[in-house]
Amino acid sequence: MNILHIDSCVLGDQSPSRRHTAMVVAELMAAHEAARTTCRDLVAAPLSHVSGPLLQALSRQWHAAIPMHAELRAEVALSASLLQEFIEADVVVVGAPMHNYFTPSALKVWLDRLLHLHDARENDCMAEVNVVLVTSGWGGGEPAQPALLRNYEEQLTAAFTSIGVRQLRIARNPDVPHHTNPA
């Protein structure tokens, strides 16, 4: 089993989000003796935001008359390796804490590259990848309301579904309530 472990919480190794993703990965490793893990810490090794030229290149809309400089070529190659890393994983554990009501920018940048680089022909490959979204919420200095966290989880689910992921489960941080009291 090949496990891709993605962390995106800016709070460092002591964050509940990172502890929860580590716990999920450890459980997978314990259940599969031959499992290998690739860790990608999107905060420790940040990706650059998608620029107009990079978006054109990722979307395969690059105009051949425009020279592609070395930095852009490197970004395209990095993006391709991120996609390949994702496709080759049997399980992708994504630490997706909600920061101030939104996806952390480090995770958004990673998702931007996958969303723009994937090709509909790869959807069959993506359908085989199991994604575990490890979510937790924080908004404006207070723990996120469960309804806001559910909305956030739905947005992330939609993003992964749009690239062909069909096996996705949510592992919400146990410290976050799952349901609101209707009263």
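The values are calculated or read from the model by the stated rules, or taken from the named source; none is laboratory data. Note that this is a predicted model, so its numbers are computed, not measured. Ideal geometry is used to build each Cβ from the backbone, glycine not excepted, and the neighbour counts take in all protein chains shown.
Couple of notes before you dig in:
- Subset of the stretch 58-92 [hydrophobic (A, V, I, L, M, F, W, C), closer than 29 Å to Val131 by Cβ and surrounded by fewer than 12 Cβ atoms within 10 Å (Cβ to Cβ)]: Ala74, Ala77
- Residue within the stretch 58-77 that is hydroxyl-bearing (Ser, Thr, Tyr), part of a loop (DSSP other than H, G, I, E, B) and either within 15 Å of the chain's Cα centre (by Cα) or modelled with pLDDT under 90 (or both) present: yes
- Restricting the stretch 1-54 to residues that are aliphatic (A, V, I, L, M) and part of a strand (DSSP E or B) leaves a set whose member that is farthest from Val92 (Cα to Cα) is Ile6.
- All positions within the stretch 30-48 that are in contact (Cβ under 8 Å) with a residue 24 or more places away in the chain and loosely packed, with under 11 Cβ neighbours inside 10 Å: Ala34
- Scanning the stretch 1-29 for residues that are acidic (Asp, Glu) and surrounded by 14 or more Cβ atoms within 10 Å (Cβ to Cβ) returns a single hit, Asp7.
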